[in-house]
1. So how do 289-302, 94-107 stack up, highest first, on mean other-Cβ count within 10 Å?
2. Mind sorting 128, 41 by how few other Cβ atoms lie within 10 Å of their own Cβ, fewest first?
3. Sorted by average packing, counted as other Cβ atoms within 10 angstrom per residue and highest first, what order do 117-127, 369-379, 255-265 take?
4. Using Cβ counts within 10 Å as a stand-in for footprinting exposure, how do 431, 340 rank, fewest first?
5. How many angstrom lie between the C-alpha centres of the stretch 228-302 and the stretch 392-444?
6. Using the count of nearby Cβ atoms within 10 Å as a rough guide to exposure, how do 82, 35, 392 rank from fewest to most?
7. Which order do peptides 383-391, 306-314, 399-407 fall in by mean Cβ count within 10 Å, highest first?
Ligand SMILES: [Zn+2]
């Protein structure tokens, strides 16, 4: 992407604050200030044309983070940040800027609660220059299981409302319901979350003929299954960008939400989204979230890009034990694995971030041939549905070393839904109808996989 394109995009992106160029003393220039609020953490990014020395400390009463930018006077430029923090930011209550002493600008973030503040610098990568990042993590990281319950409560009611609206508006014919309703899942004593959900979730209404006609008869699954949906990129990492300015991170989140609503409407299925907003999630954290809820399946959703605008079609990738299945697959895995650098991981960080490093370090050893075998079956089931929807880029499931697919014992696939670099496919990716068709194809593919390979008892992969 050319530099002026990125600047244009940054200006138009929601959540992006400022793409002005303000001179400061000593020749340093503030290129951009961005804030990414999310339930997981809030990130403040300052982008400059030179490295910016900074020190920081936290104060507990009232809670605040103080960052001093030394040898430079950015007071005027930093003032833009004040207006950019949203009132509903989970962590930041307000921002104050002052001249602490000559040549030192002081930024004070007044907080709504005590946080684990991580302040670190990122060297230039991709289209970014020098970045100074302030991450505000909750002292108690959100529990993925609690998140899972909350997400399903939200999406089940949303899916129900959408179904009701469809039925009321009569936009689709109501086919008679076929097949018998599946028996409710037996709460498994070894799965307290399933039990909790069973007790608190109202009995699922018999599904309308609409959903039944789309996906076929019920599955014979006698326990709750958990599916992790992973919308690629987010926050500082826009992913690939189409010729019309469409960002991969936005369209894949839209498709993921549609898929989530479909899957959550199935009886006995529950869904975890690794991100449900515009913020950056490190690759290992995505894997860790799926593992924390003992996901039965992991599906990472992306949109492809290539230097040639002619490349088009969907493709599906799984992990490879040794080597990539093609030069193209290796290239793509390298591209996707750069997400941590573009998005910005605190390599020197402590506590939570240490867990991320640990996971990424050992995962390759824990990846088993069985995981890859199941991932290939899942990938084949999904690719066959994608082939019904539109052109496929490659007729078979491809393999390469994608970091996000390294969850031990969880069948994991990465779907490149379409080429965002292809002008027509970029149009389609933005189209709500296509997004829904894509979600439906993924839904049916997942269903067909579970039909052929029902999940076994917990702790014993089928
Ligand atoms: Zn991607």
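1. Averaged packing, sorted descending, gives the order 289-302, 94-107.
2. Going from least to most buried by this count: 128, 41.
3. Averaged packing, sorted descending, gives the order 255-265, 369-379, 117-127.
4. Arranged by neighbour count, lowest to highest, 431, 340 become 431, 340.
5. 11 Å
6. 82, 392, 35
7. Working: 383-391: 17.1, 306-314: 15.2, 399-407: 24.3.
Result, highest mean Cβ count within 10 Å first: 399-407, 383-391, 306-314.
Since every read-out is calculated from the coordinates, none of them should be taken as a lab result. Since we're looking at a predicted model, the values are computed, not measured. Cβ: placed from backbone, ideal geometry, glycine included. Neighbour counts: every protein chain shown.
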